[in-house]
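The values are calculated or read from the model by the stated rules, or taken from the named source; none is laboratory data. Predicted model, so just to flag it, every value in this text is computed and none were measured. Quick reminder, even Gly has a Cβ in these numbers, built from the backbone with ideal geometry, and neighbours come from all protein chains shown. Ligands, DNA and RNA are excluded from the accessible area calculation, which covers all protein heavy atoms including side chains. Shrake-Rupley method; radii C 1.70, N 1.55, O 1.52, S 1.80 Å.
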Amino acid sequence: MDIAGFLGRYPPFDALTPQHLAEIAGSVEIEHFAAGVTILQQGGEPATALYAVRKGAVALLDDGQLLDLLVEGELFGQFSMLAEESPTLTVRAQEDTLCYLVPAEVADAILGSHAGMAFVIGSMRRRIASAIDAAADTPDRRLATIGELVRREVVTTPPNTPVADAAALMAAERVSSLLLPMDGGWAIVTDRDLRTKVVAVRAGPELAVGDIATFPARMLPAQTLAGEALLSMFADGVHHYPVTDPGGKVVGVVTDTDLMGLGRHTPFAAKSAIERASTGADVAEAGRELPQVVTTMVEARADPIDVGRVVSLIVDAMTERLLQLAIAEHGDPPCAWAWLALGSAARHEQALRTDQDHALAFDPVDGRPDPDPYFAQMAEFVTAGLEAAGIPRCNGDAMATHPAMRRPLDGFVDMFAEWMDRADQQATVLSSIGYDFRQVSGPLDAEPVLVEAVRRARARPIFLRQLSRRALDLSPPTGFFRDLVVQAKGEHAGHLDIKHGGITIVNNLARVWAVRTGVAAKGTIARLDAAAAAGGLDASVAGELSEAFHFLWDVRLRHQADQVKAGVAPDDFIDPKELASFSRSGLKEAFRAITRAQRLLRSEEGLQPR
């Protein structure tokens, strides 16, 4: 295979045209390194080329400790070359190795593209993960596949089996679930189903087990990583997944116990404690375990976006339980209602430093008393309960306790329309919270109505222009190429604000492109992907921003987890001096990616730099 054909199989070269690949191939040098030869020295001279492994393997070493092994198609030298700084790791030929060397001036142009920057930031994030794994004393169970965790074959029973016999079978086989063969697939029944659908309602023992089973049972492939399965299990509110081999055959069942155990500081344990809470104080006590849950997940190397989602799901669980307790205390609601999460809670992107953002929509009934006094009591009960659990009230009062955030559903539609008509700075600032909504609870189906209201913004170019301006108000702390801008004075002097200097900007950019293209996705990554799929955003730009977003979240959560372990209140202010050199390099590249995306949006909207 020729050089161009080989490079074109791997990122970031796979995003290039055949003509561009041919030009690059003409500049490549070929070099052979014997086993044991040091190619780049930690702390030595900067790399002057981008290296691609053609044959063989190279080891990445940090002070002599093996961090990773790179094989055919993988790249090294990019971080040192881009920053013109000494390599942060030693690169040594593990065996006789052949490399393609792409000159710096050629590689700069490749890595400076959106696809190239996405590759750089993503590889930096993986490099940090490798360093953490190398320092760990125990293997990361999250990286095991669920197929490896299956302990025994499945236990099955016909759907017409009486529940009494099904329970006896589960006890005899010491399993917590049974699979039932059904027309068109498998159903599953669990010990929880027996408790809630038979014992709790005093159903007869002759009831057929198929009548209480879940059909179709959601299956997961055996190659699914344990960490991915754990998040899906928690988000779906289940405790069992049947596992299938590549041919689709069910080979076993994986449970929450298999994935993470039922220790004190797990998402399942926290959610279970919340659901069992009988008072608001009990909810608060269970909710205060959240920092330890997050710390445990961070230490297990859970994906940072997944961690943010788990935080939001636990806050959702607290909210739902507090709503149930409020109704038990104040009586049934006077009309249909919907509790809405706003902002980062709506996007499932909450970190350990988060506050409350929510609203309450209702559907008043003509001729009946004003329902607002009831919902005001409900809102205060929930808000106070979340505050007691460690989730502070919003400084901007974007909470259902404020009359403006507690109104009839058509009132929210009118409010959205007013923001679009005004199209001033205050309206677009308000929309940055209000347009991120997600229904958490309540019988009123509010989301479709609100989604349709937001979609009307596509036809308001003046409003979209103002929304774009809000995405350009903040700037990443890039400063000079080799430096990061930090707070000059005050409490956080010498630190950079990773939330407002990076994460919030990506949130705002994704919101603009989502509103412009009319997509209804809530999360930042989902919005970028949906906008790209709809043709409203170049896919390479979406990929670059997604990698930057992941990287910033990873740094943010590790920082906050370290603060929790140290007994310090978590914040978003990072001291660059406390980061490893490759983490600092990753931050620079992530901030550069955000700057490039802002430049693109400014160009699209014809806005002048401030």
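Of all the residues that make up the stretch 211-236, how many are touching a Lys or Arg at 6+ places or on another chain (Cβ under 9 Å), under 15 Å from Lys197 (Cβ atoms) and outside any helix (DSSP H, G or I)?
Step one: of the stretch 211-236, the residues touching a Lys or Arg at 6+ places or on another chain (Cβ under 9 Å) are 211-212, 225-228, 230-232, 234-236.
This time we only want the ones that are under 15 Å from Lys197 (Cβ atoms), so: 211-212.
After this cut, where a residue has to be outside any helix (DSSP H, G or I) as well, the list is 212.
Within the stretch 211-236, residues that are touching a Lys or Arg at 6+ places or on another chain (Cβ under 9 Å), under 15 Å from Lys197 (Cβ atoms) and outside any helix (DSSP H, G or I) number 1.
Which one of the conditions (1) surrounded by 18 or more Cβ atoms within 10 Å (Cβ to Cβ); (2) among the small types (Gly, Ala, Ser); (3) assigned to a helix (DSSP H, G or I) does Ser603 fail to meet, given that it meets all the rest?
Here Ser603 clears every test but (1).
Give just the number: which of (1) surrounded by 15 or more Cβ atoms within 10 Å (Cβ to Cβ); (2) out of contact with any His (no Cβ under 9 Å at 6 or more places or on another chain); (3) at pLDDT 85 or above; (4) β-branched (Val, Ile, Thr) does Thr97 not satisfy?
The number of the failed condition is (2).
Of the residues in the stretch 352-368, how many are open to solvent by 20 Å² or more (accessible area, probe 1.4 Å) and either touching a residue at least 60 places away in the same chain (Cβ under 8 Å) or more than 19 Å from the chain's Cα centre (by Cα) (or both)?
Summing the residues that are open to solvent by 20 Å² or more (accessible area, probe 1.4 Å) and either touching a residue at least 60 places away in the same chain (Cβ under 8 Å) or more than 19 Å from the chain's Cα centre (by Cα) (or both) in the stretch 352-368 gives 9.
Only one of these is over 19 Å from Leu467 (Cα atoms) and at pLDDT 95 or above: Ala361, Ala404. Name it.
That would be Ala361, the only listed residue that is over 19 Å from Leu467 (Cα atoms) and at pLDDT 95 or above.
Scanning the stretch 158-174 for residues that are among the hydrophobic types (A, V, I, L, M, F, W, C) and free of Cβ contacts under 8 Å to residues at least 12 places away in the same chain, which turns out least open to solvent (accessible area, probe 1.4 Å)? Talk me through it step by step, then tell me what you get.
Within the stretch 158-174, the first condition is being among the hydrophobic types (A, V, I, L, M, F, W, C), and the residues that meet it are 163-164, 166-172.
Applying the additional criterion that residues be free of Cβ contacts under 8 Å to residues at least 12 places away in the same chain yields 168, 171-172.
Values: Ala168: 58, Ala171: 74, Ala172: 81 Å².
The selected residue is Ala168.
Consider only pairs whose beta carbons are under 8 Å apart and that are at least six residues apart or on different chains; among these, list those whose first residue lies in the stretch 94-106 and is touching a residue at least 12 places away in the same chain (Cβ under 8 Å) and hydroxyl-bearing (Ser, Thr, Tyr) and whose second residue is in a strand (DSSP E or B) and surrounded by fewer than 18 Cβ atoms within 10 Å (Cβ to Cβ).
Thr97/His32; Thr97/Lys55; Tyr100/Glu29; Tyr100/Ile30
Quick one: which helices (runs of 4 or more DSSP H) sit completely within the stretch 106-193 and have at least 1 residues that are at pLDDT below 85 and among the aliphatic types (A, V, I, L, M)?
On the way: elements: 114-135, 146-149, 163-173.
It comes to 114-135, 146-149.
Here is a yes/no grid of residues against (1) of a type in the set (A, V, I, L, M, F, W, C); (2) more than 21 Å from Ile146 (Cβ to Cβ); (3) open to solvent by less than 30 Å² (accessible area, probe 1.4 Å):
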residue	(1), (2), (3)
Asp183	no, yes, no
Thr190	no, no, yes
Leu194	yes, yes, yes
Lys197	no, yes, no
Thr214	no, no, no
Ala222	yes, no, yes
Glu228	no, no, no
Gly247	no, no, no
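Residues Ile327, Ile314: which one is surrounded by fewer than 21 Cβ atoms within 10 Å (Cβ to Cβ), in contact with a helix residue (DSSP H, G or I) (Cβ under 9 Å, 6 or more places away or on another chain) and at pLDDT 85 or above? Full working, then the answer.
Working: Ile314 fails: surrounded by fewer than 21 Cβ atoms within 10 Å (Cβ to Cβ).
When all the criteria are applied, what remains is Ile327.
Can you confirm whether the stretch 268-284 contains a residue that is open to solvent by 40 Å² or more (accessible area, probe 1.4 Å) and closer than 30 Å to Glu547 by Cβ?
For the stretch 268-284, residues open to solvent by 40 Å² or more (accessible area, probe 1.4 Å) and closer than 30 Å to Glu547 by Cβ: absent.
Listed here are the residues, each with its yes/no results for (1) among the β-branched types (Val, Ile, Thr); (2) part of a helix (DSSP H, G or I).
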site: Asp14; (1), (2): no, yes
site: His32; (1), (2): no, no
site: Ile39; (1), (2): yes, no
site: Leu67; (1), (2): no, no
site: Val91; (1), (2): yes, no
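For (1) without any contact (Cβ under 8 Å) to a residue 24 or more places away in the chain; (2) under 29 Å from the mean Cα position of the chain (by Cα); (3) surrounded by 18 or more Cβ atoms within 10 Å (Cβ to Cβ); (4) more than 23 Å from Gly116 (Cβ to Cβ), each residue gets a yes or a no:
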site: His32; (1), (2), (3), (4): no, no, no, yes
site: Gly43; (1), (2), (3), (4): no, no, no, yes
site: Tyr51; (1), (2), (3), (4): no, no, yes, no
site: Leu60; (1), (2), (3), (4): no, yes, yes, no
site: Gln65; (1), (2), (3), (4): no, no, no, yes
site: Glu74; (1), (2), (3), (4): no, yes, no, no
site: Leu82; (1), (2), (3), (4): no, yes, yes, no
